[in-house]
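We did not get these values from a lab; they are worked out from the coordinates using the rules stated. Note that the coordinates shown come from a computational prediction; the quantities given were computed from them, not determined experimentally. Positions of Cβ are generated from backbone atoms using ideal geometry, with glycine treated the same way; all protein chains shown enter the neighbour counts.
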Amino acid sequence: LGMTLGEELLTPTKIYVKAIKHLLNANIDIKGMSHITGGGFFENIPRMFPKAESGRKQLISVIKRDSWDIPPVFGELIKRGADVEKIYNTFNMGIGFVLAVNAKEADSIIEMFNKNASKYSKPDVPDLKAYCIGRVAYAEGEVKEQKDAVLFED
């Protein structure tokens, strides 16, 4: 980690304002945005989906595990006995912001973001990096709880 576990856990979060403003100014067709704060994947991502109306199924996110670089601190927490689901919910496994975009445009948006990443970060802070971490799908059945709107696949 290069520092104590406590120091790593107290490191301030990355700020995404410049990156998102750049994408908005580039007229990217963003379908949904979610800042992944406390509450992680299970509370934040479903908030960007509209509620299912009569005749329409509920949208959900299907997250592909290992589709992004997970910071080493989370492996250390798991090694020390932390519950994996709680790390996804509390610490977000390193994902700080999620965009829902048209699948056909995802690769070019990620490329544009990563090409400009150094413009979004403060000096001495690692650059932000974008990944395709999943997809949006229709729920197979009724989504009773918000956490049921996030599925993980290996």
**OP:** In whole Å, largest first, what are the principal axis extents of the Cα atoms in the range 19-154?
**Re:** 49, 44, 23
Subject >> Label point at D29 placed 7 Å out along Cα→Cβ; residues across the range 45-65 whose backbone nitrogen lies under 11 Å >> reply: none
Subject >> Semi-axis lengths, Å, the range 1-56, gyration tensor of Cα atoms, sqrt of 5 times eigenvalues >> reply: 31, 19, 6
Original post:
In what sequence, highest mean first, do 44-52, 142-150 appear when ranked by Cβ atoms within 10 angstrom?
Top reply: 44-52, 142-150
Original post:
In debye to the nearest 20, how big a dipole does the range 75-128 give about its Cα centre with +1 on each Lys and Arg Cβ and -1 on each Asp and Glu Cβ?
Top reply: 100
Subject >> Amide hydrogen neighbours beyond the local backbone of L128, cut-off 5 Å, H modeled >> reply: S121
**OP:** Would you mind counting up the charge near N89? Only other residues with Cβ under 12 Å from its Cβ, with Lys and Arg at +1 and Asp and Glu at -1.
**Re:** -1
Subject >> Placed amide H near M33: partners under 5 Å, 5+ positions off or other chain >> reply: A100
Original post:
Rounded to the nearest 5, what is the percent of antiparallel bridges among the DSSP beta bridges in the chain?
Top reply: 70
Original post:
Which entries of K79/K115; K18/K86; K51/K104; K21/K119; K31/K104 show an alpha-carbon separation above 22 angstrom in the structure shown?
Top reply: K79/K115; K18/K86; K51/K104
